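The values are calculated or read from the model by the stated rules, or taken from the named source; none is laboratory data. The shown structure was predicted, so the numbers you read here are calculated from the model rather than taken from an experiment. Cβ coordinates were reconstructed from backbone atoms using ideal geometry, including for glycine residues, and neighbour counts include every protein chain displayed. The accessibility values were calculated without ligands, DNA or RNA, using every heavy atom of the protein model including side chains. Shrake-Rupley method; radii C 1.70, N 1.55, O 1.52, S 1.80 Å.
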Amino acid sequence: MKIAVDAMGGDNAPEEIVKGVALARTALPETEFTLFGKRDEIMKYMDDFKNVKIVHTDEEILMEDEPVKAVRSKKNSSMVLAAKAVKDGEADAVFSAGNTGALLAAGLFVIGRIKGIDRPGMTTTLPSLEGDNDTFTMLDVGANAESKAKNLHDFAILGNFYSCNVMNVTNPRIALLNNGTEYDKGDKLHKETYQLLKDDQSLNFVGNIESRELLNGKADVVVTDGFTGNAVLKNTEGTALSMLKLVKHAIMDNGVTSKLGGSLLKKSFGEIADKMDYSKHGGAVLLGVKAPVVKAHGSSNAVQVKNALIQLHTMVDSNITKNLSDYFASHKAEQAASKVDNQE
């Protein structure tokens, strides 16, 4: 197995990316990693090069670059060359912690979409604090700022497949993120999407879900547009970090008794922080393109990079792209046949 790595993408690149590759190499000794980026900088952080190749490039796509323009104008950038390696069959999957929009563009224009999918969705795994499963899947979380009802319906199909085949959830409950649980809530987009999901008998659609219920185990797959999904994701992350800071300040600023109580609860606080850390499940997956693509948080450290690379390995090993393509085509064919039967 070969994984292409954009070594220059991310706030802490290339140091944390390279160190993450070194950790992943230990966990995945039979996997070959190709790092695209500035050779001299990469070599500073890699002790040896067993199962590691470097493809030198002086170009890189920056976080502030306009995504589509950057992919088209910086054809020798680390991100574009990593995606091209997948397209040319030189790698099985691509990883980056860089510019999200640019990675989406590279996935669309360089690697290509699965037939029938108009817009791939960025998919992430978040913690469930209650219920039978300890995580749930949400998409789209940033690939598409604007979506049509058909796109959100496709996200539900993609999410259903991912939940079943990657997260090992049986008959996942699918919910639509909305501003209320009633069926007639939301704008025109959400009302149309609600009806499409309700009419799709192959999906276990459980209705609308409000953002305050996301972490309470009410659904296994949550469908939304990329703008809303990205805002909710960042708000969830920010709230969790802020609450832990508040607890820390409450302990440290209130005398010896509070500090003593805090020391006794240190393990419990650590468990809470671990539970809320969605990065341990890997990065966000761009579902709907012809090869596995994973985007890690821009501020990812080496351990988070390692987790994302292990996630990529699992996706390649399970042949997820071909299976997803077959599933999506079969699902659409069944829907078309059902529509004809109903008309007759």
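Pairs exceeding a 21 Å alpha-carbon distance, out of 69/148; 69/295; 198/332; 84/115; 185/295: 69/148; 185/295. Taking amide hydrogens as placed 1.01 Å from N in the peptide plane, the amide H of residue 207 sits under 5 Å from those of 176, each at least 5 positions away in sequence or on another chain. For the chain, the dipole from Cβ point charges (+1 on Lys and Arg, -1 on Asp and Glu) about the Cα centre works out to 360 debye, to the nearest 20.
Entry note, the chain: the mean residue ellipticity at 222 nm calculated from DSSP H runs of n ≥ 4, each adding -39500 (n - 2.57), is -14500 deg cm²/dmol after division by the residues and rounding to the nearest 500. Fraction of C-alpha pairs exceeding 15 angstrom in segment 137-181: 46 percent, rounded to a whole number. Antiparallel beta bridges, as assigned by DSSP with both residues in segment 14-142, represent about 45 percent of the total such bridges. The modelled label-to-label distance between residue 87 and residue 40, using points 7 Å beyond Cα along the C-beta direction, is 3.0 nm.
The Cα atoms of segment 169-244 cover 42, 31, 20 Å along the three principal axes, with the biggest extent listed first.
Loop-only chymotrypsin sites (Phe, Trp or Tyr not before Pro) in segment 1-90, please: DSSP not H, G, I, E or B, and at most 14 other Cβ atoms within 10 Å. Don't jump to the answer; show the numbers that get you there.
Values: sites: 33, 36, 45, 49; in loops: 45, 49.
Sparse-neighbourhood loop chymotrypsin sites (Phe, Trp or Tyr not before Pro): 49.
For the residue pairs 75/188; 191/218; 218/290; 75/290, the alpha carbons lie more than 28 Å apart in 75/188; 218/290.
Can you give me the accessible area per residue for segment 138-197, using a 1.4 Å probe, in Å²? Spell out each step's value before the answer.
Working: 2580 Å² over 60 residues.
Ligands and nucleic acids excluded, the figure is 43 Å² per residue.
With all pairs of separate Cα atoms included, segment 1-97 yields a Kirkwood hydrodynamic radius of 13.2 Å.
Kindly provide the chymotrypsin sites (Phe, Trp or Tyr not before Pro) of segment 99-195 that DSSP labels as loop, not H, G, I, E or B, and whose Cβ sees at most 16 other Cβ atoms within 10 Å. Before the final figure, lay out each step's value.
Working: sites: 109, 136, 155, 161, 162, 183, 194; in loops: 183.
Listed in order of number, the matching sites are 183.
When each full DSSP H helix of the chain is screened for a Cα extent of at least 20 Å along its own axis and an average Kyte-Doolittle hydropathy of at least -0.5, the helices passing are 149-165, 226-252, 302-317. Based on protein heavy atoms only, segment 1-106 ends up with 45 Å² per residue of surface accessible to a 1.4 Å probe.
Computed with a 1.4 Å probe over protein heavy atoms only, the accessible area of residue 72 comes to about 150 Å². Considering only beta bridges that DSSP places wholly inside the chain, some 30 percent are antiparallel. Applying 0.36 nm per residue to the separation of residue 323 and residue 181 and subtracting their alpha-carbon distance, the gain on full extension is 47.8 nm. At full extension, residue 132 and residue 189 could sit 17.4 nm farther apart than now, given 0.36 nm per residue minus the alpha carbon distance. When the accessible area of the chain is split by element with a 1.4 Å probe, what percent falls to carbon and sulfur? Here it works out to 50 percent.
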